[in-house]
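No lab work stands behind these numbers, since they all come straight from the coordinates. Since this is a predicted model, take the numbers as computed values, not measurements. Positions of Cβ are backbone-derived with ideal geometry, glycine not excepted, and every protein chain shown enters the neighbour counts.
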Amino acid sequence: MIRVAVIGVGHLGKHHARIYSELENAELVGVVDILRHRAEEISLQQKTRAFTDYRELYGKVDAVSLAVPTVDHAEIGLDLLEHGIDVLIEKPIAATTEDAGRLIETAARRERILQVGHVERFNPVVIAAGEVATHPQFFEIHRMAAFSPRSLDIDVVLDLMIHDLDIVLSLVKSPVVEVRAVGIPVLSAKADIANARVEFESGCVANLTASRISFEKMRKLRFFQPHDYISVDYSSQRGTMVSLRMGRVTERKLEPLEQEPLKLELKSFLDVVSSREVPLVTGDDGLRALELALAINEQIESRSK
C-alpha cells in the first residue's frame, strides 16, 4: 500500500481524493486545505483525516497530489521533494520556468518522482490517436469552457490551452521556431480567450484556440499528416481517422474502452512510485509546455501594449 495524500481539495483536488480512496494499492492518509471546512468536508466523504497544514504529512505519506494554486506549486513542491515525498503536481508545473527548473533539479537530486498532471495524456482516445500519428503537419484545436471563478490566478493559456500544447509537443518531435498569438481579458483581469499559431522546425503548424467564457463546451483536436486526417473529441473519447492510400479512401473509428483519464493518471503515478520508473509526463515535459505557454503569453502582452 502506498500512503498518499492530496494537498488542495478544491475543484480538482477533491477528485484526486475520491480516486485515491478507490484504488486498491493506495491508502489515503489525509487531505489538506487551508480552508478547514473544505478539508473536513472532503475527509468525511472519503473517510480520512483532515489537515490545514501540509507539513503535518511529513513522516506519514510516501506520495502526494499537489492541487493548490499555481503560484504555490514551487514553494510547497520543493518542500515536499526535500522531505523525500514523491509528487504529482497539477499543471502548469509552476508559475515560472525558473521555479519549474528548481522542481526538476530537486526531484533528481533527491531521487524522487515528479510527475506533472497533464491529464489529457491519459485520455484513451488521445492515446489511440498517438498510436496512429506518424508525421503530423497541421493541427486545429479548440478548447471551450464556461466561465468559472476557479483558476483566476492564471490566464486561459496556462489554465486551458496548456493541455493541448502538451499534447502537440508530445506528438511533434521538433523545436518551436515561431509563435504568434492574440488574447483578451473579458470577465477577469487576465486573458480569457486566446488564439495561438505555433510553427515547428519540421514545418508543422498548430493553430490553437482556448476560451473560458464560452456558452458551448468543446474539446476537440484535429490533425493532418501524409495520407491521413485524424479527428478527436476529448470529451466523448471518440475519434475518426480518414486515410487515402493507393487511391482508396478508408475510414477508421477510434473507439477505445472509455475510462476516466484522471483515474488512469493517478494509477500510473502510483505505478511509477512503486517501480521507480520514469513517469509518462515528466517534469521536463511540464517545463516544455510551460515555456511554450509563456511564449504565447508574451506575444499576447506585446500586442496589447
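Worth pointing out:
- Each Lys and Arg adds +1 at its Cβ and each Asp and Glu adds -1 at its Cβ; summed about the Cα centre, the range 236-305 shows a dipole of about 420 debye.
- Pairwise Cα separations in the range 150-305 fall into 10 Å bins from 0 onward with the following percentages, short to long: 9, 31, 35, 21, 4, 0.
- Quotient of C-alpha Rg and 2.2 N^0.38 Å, computed over the chain: 1.01
- The range 75-211 - share of DSSP beta bridges that are antiparallel (%, nearest 5): 60
- Of the GluC sites (Glu not before Pro) in the range 198-241, the ones in a loop by DSSP (not H, G, I, E or B) with at most 13 other beta carbons within 10 Å are Glu201, Glu216.
- Pair Phe224, Asp53: separation of 7 Å Cα→Cβ label points (nm): 5.9
- Spacing of the modelled spin labels on Arg248 and Met1, each 7 Å from Cα toward Cβ, amounts to 5.6 nm.
- Placing unit charges on each Cβ (+1 for Lys and Arg, -1 for Asp and Glu) gives the range 214-305 a dipole about its Cα centre, and among Leu292, Val273, Gln225 the Cα reaching farthest toward its positive end belongs to Gln225.
- When peptides 285-293, 202-210 are ranked by their average number of other Cβ atoms within 10 Å per residue, the highest-first order is 285-293, 202-210.
- With the simple model of a label 7 Å out from the Cα in the direction of the Cβ, Asp271 to Glu27 spans 2.4 nm.
- Amide N proximity, the range 124-167 versus Glu216 label position 7 Å along Cα-to-Cβ, cut-off under 13 Å: 142-145
- Across the chain, the longest run free of exposed loop sites, meaning chymotrypsin sites (Phe, Trp or Tyr not before Pro) lying outside DSSP classes H, G, I, E and B with no more than 13 other Cβ atoms within 10 Å, spans 59-214.
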